[in-house]
There are 2 protein chains.
Amino acid sequence: MDIQQHIQEIRTFNRFYTDLIGLLDKHLLNSEYSLAEARILYEIFTAKQLSASDIIYRLSIDKGYLSRILKKFEKEDLIVRKPSEEDARVSMLSLTDAGLKVFFGLNEASEKQILALISPMSIEQLDELVKHMMAITGLLEKQSR
Amino acid sequence: MDIQQHIQEIRTFNRFYTDLIGLLDKHLLNSEYSLAEARILYEIFTAKQLSASDIIYRLSIDKGYLSRILKKFEKEDLIVRKPSEEDARVSMLSLTDAGLKVFFGLNEASEKQILALISPMSIEQLDELVKHMMAITGLLEKQSR
DNA sequence: CAATTTAGTTGACTTTGTCAACTAAATAAA
DNA sequence: TTTATTTAGTTGACAAAGTCAACTAAATTG
């Protein structure tokens, strides 16, 4: 089976991921956070130390928009900013306990959605799905550098 | 390997699909269509016969918003509406040749993004990925009924 | 045929996201 | 060292995306 044949089949993947987006959209509708906000919390959670510029680079988000979201997060005590030691213009971001709680809540909810999606699958199918998801995840990490 | 263990690992999936959304977002930025519009075109393309209500049901989209998008599509000659024979209140939607062209253009562009994402994988990995994507796609079809 | 439901449209609105002008600190060049 | 340039982040004004509720017109129920 060669690459060209795969290209044809990969069309179904297209359908799959737009459906996923629908799911995620729907679940975030019931929360008080937008997709952008959830992704920003994710970035702050996973990085030990990161600045607003890092988020702009990773998520391709407008800096004005990000600035306002971070301001809101700060007001809600979800994050704290600590001036960078190397560069006084830069603030390093981290989640507070409240921020962690919100992040885990969002994550748990979207995991529930995903579980509902995959729970009818067999153990064998799940095994392989997880394996390949992890492969692609690693791949994305590589590409973002 | 039992379900509980999988749940833990499925967290990586979370990351994977938010990254995909980021990719898709970015690629649609360069097109003149929004994600919602691309999804609507997809629905009209795949169904032989469908009404606005069908789209509302499938995509959980606001009917006022849909109404305006369909009006725009009609003005751009991407779709045609034909009154349903059973129910004169209902319009059946289909893509024009121009609509097909736009749809294929959007689809091709997003396929390119996906290919860039998966092309570093081996043939064996691709084989299994495609297999499981198709499994999940079938699953989504089932759930939407 | 009157009352109620359903499909779709429209106006007014909120939320989400962008752009460009700005401030303040850092770095580079003289 | 002091002037010029770059970089991080904020803000105001705006555009795009999406929602809500009131409405029209046709269909269905009783």
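Tabulated data
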| read-out | value |
| --- | --- |
| Solvent-accessible area buried by pairing B with A, both sides, nearest 100 square angstrom, 1.4 angstrom probe | 5900 Å² |
| Other-copy label distances relative to residue B:94, 7 angstrom Cα-Cβ extension, nm | 6.2 |
| Label geometry 7 Å along the beta-carbon vector: residue A:71 inter-copy distances in nm | 3.4 |
| Amide H contacts under 5 Å for residue A:91, placed H, 5+ residues apart | A:52, A:84 |
| Inter-copy spacing of residue B:109 label points, which lie 7 Å from Cα along Cα→Cβ, given in nm from shortest upward | 3.0 |
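The values are calculated or read from the model by the stated rules, or taken from the named source; none is laboratory data. All of these numbers come straight from a predicted model, not from anything done at the bench. Every residue, glycine among them, receives a Cβ derived from its backbone with ideal geometry; neighbour counts consider all protein chains shown. When the accessible area is computed, the model is the full protein with side chains, heavy atoms only, and any ligands, DNA or RNA have been set aside. Shrake-Rupley method; radii C 1.70, N 1.55, O 1.52, S 1.80 Å.
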